[in-house]
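Accompanying notes for the structure given below.
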Amino acid sequence: MSKKIVIVGGGPAGTIVANLLTKKLKKEEASVTVIDKTGRHVYEPGLLYVTLSDQDPKGIVKDEKDILNKKVRLIVDEATKIDTKRKMVEMKSGNRFDYDYLIIATGARLCPEEVPGLKEAAYHFYTVDEALKLKDALEKFDKGKIVIGVGGVPYKCPPAPAEIACFLDYKLRKRKTRDKVEIHYLSPLPRIFPIESVDPIVNKIFEKEGIKYTTFFNVESVDPKRKEVHSLEGETIGYDLLILIPPHRGSKVIEDSGLGDRGGWVPTDRYTLKVKGYDDVYAIGDATDLPISKSGAAAHYEAKVVANNIASEIKGIESRDKYNGKVVCLCDAGNKAIYMIILQSPLVPDGSIVC
Amino acid sequence: MSEEPKVDRLIDARNTFCPGPLMELIRAIKEAKVGEVIGVLSSDTGSKRDIPLWTSKAGHKLIGIYEKAGYAEIVVQKIK
Ligand SMILES: Cc1cc2nc3c(=O)[nH]c(=O)nc-3n(C[C@H](O)[C@H](O)[C@H](O)COP(=O)(O)OP(=O)(O)OC[C@H]3O[C@@H](n4cnc5c(N)ncnc54)[C@H](O)[C@@H]3O)c2cc1C
């Protein structure tokens, strides 16, 4: 009998795994359903260019149905509960979908309310609307202090805040206002860049371009009236314009279904990508609790492993793939350089450490 | 130190790279209640330098670093 594969989330993780599964499996073997609450697919790396270049947001947002293989059924609705006992997903509309295999690909949720003052005071560029607001504010800003940081860890695309600091420096130089604008970068770590081996390169750019920074600054609260950011470590920094990436949590449906850890991330086996304690539920992409960079690249590599393994199981093939912790990351520092960073976490004992 | 303290939460951050064990600890400290004890397992030697540095800067207490085969358990208590 044809197996029912249900995928919750139509971001890079859900879309790639759905397309791979329909390529590997015939209709008689399985049906593939993607549930997505927006039905729109945002290419998030393009948000940097919406903010600081002339990228039209229309160019980075696509209809999910246009990028899914025609054999995938797309349901535009919000999953409100995952019931692993009854093997079904409940929808906001009241519909229900039962599954033989479930793939959780619900990504990360932005939670600005978790840092007092952040929502009123800070700009960011992690959604199309917010990127456009920041673009507008930056266009009007010609003197003062811009502070850039993150509101919490983990957050997706760890290099993004340092990337926007370098890009902004370049942009202000082109506009010939750089001498009137101070850029101050806040890092939660003891260095600027998350990856230790890349840090000296980024450090050199910061020093050369006069981008100031404070390390070990984990944001605790923002005081919009005094225009100050306070850290968990007890420091205070003033700003004129604040760019702070909001804290992230797992999707609400994960928390409401009791499937998440304290941050709403799904406890996931680092090799098989099965949700811990289940044989028929997988998690991929930003939704997992895996301690690797939350990135589209990781989502892509994970999707391949899960598609292979589910297809093999349905076809009765013994062999299984393991996720090897691979992540690739491109960083654009304005006109300075584009860096490509390839990481392979030694999740399998014989893997090599790159950073 | 041989007697190992009881931890309220243990994070297995072995074999991970960035954001790495320190980021995992910072996240756990934010989520923890005052007084809770958190253990981080790390095979990244940088953690033995970075975690104590951060712990003292943030005003928490480093209870100890316990060497194991190929990794260390670093134990921190949330103080405020
Ligand atoms: C500015 C920026 C730059 C970036 N640059 C890079 C980069 O250069 N390289 C890189 O690899 N990564 C980059 N990333 C990260 C990358 O975009 C994400 O890691 C990636 O989108 C994760 O994919 P995902 O499918 O796991 O989650 P998401 O893309 O978040 O998709 C999750 C989907 O699930 C849906 N969903 C959630 N809950 C429900 C529910 N209850 N019911 C139905 N649907 C639901 C959402 O609507 C969404 O469509 C960047 C991110 C940002 C913000």
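The values are calculated or read from the model by the stated rules, or taken from the named source; none is laboratory data. What you see is a predicted model, and the numbers here were worked out from it, not measured in a lab. Here Cβ is always computed from backbone atoms with ideal geometry, including for glycine, and neighbour counts include all displayed protein chains.
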Selection from the stretch A:216-237 of residues more than 14 Å from residue A:112 (Cβ to Cβ), more than 14 Å from chain B (Cβ to nearest Cβ) and part of a loop (DSSP other than H, G, I, E, B) yields A:225, A:226, A:227
If you go through the stretch B:12-28 one residue at a time, do you hit one that is in a strand (DSSP E or B), modelled with pLDDT under 90 and more than 8 Å from chain A (Cβ to nearest Cβ)?
-> yes
Check residue B:45 against each of (1) more than 8 Å from chain A (Cβ to nearest Cβ); (2) at pLDDT 90 or above; (3) surrounded by fewer than 16 Cβ atoms within 10 Å (Cβ to Cβ) and name the one condition it does not meet.
-> (2)
Among the residues of the stretch A:1-57 satisfying the criterion of being part of a strand (DSSP E or B) and within 8 Å of the ligand (Cβ to nearest atom), which is nearest to the chain's Cα centre (by Cα)?
-> A:42
For the stretch A:130-145, does any single residue satisfy the condition of being within 13 Å of the ligand (Cβ to nearest atom) and without any contact (Cβ under 8 Å) to a residue 40 or more places away in the chain?
-> yes
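Conditions (1) more than 16 Å from the ligand (Cβ to nearest atom); (2) outside any helix (DSSP H, G or I), marked per residue:
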position	(1), (2)
A:271	yes, yes
A:291	no, yes
A:297	no, no
A:301	no, no
A:308	yes, no
May I ask you to list the residues in the stretch A:250-268 that are in contact with a Lys or Arg (Cβ under 6 Å, 6 or more places away or on another chain) and either away from the ligand (no atom under 11 Å from the Cβ) or within 12 Å of chain B (Cβ to nearest Cβ) (or both)?
-> A:263, A:264, A:267
If we ask which residues in the stretch B:29-79 are under 19 Å from residue A:218 (Cα atoms) and charged (D, E, K, R), their number turns out to be 8
Could you name every one of the strands (runs of 3 or more DSSP E) located completely within the stretch A:62-150 that has at least 2 residues being among the charged types (D, E, K, R) and modelled with pLDDT of 95 or more?
-> A:79-83, A:96-98
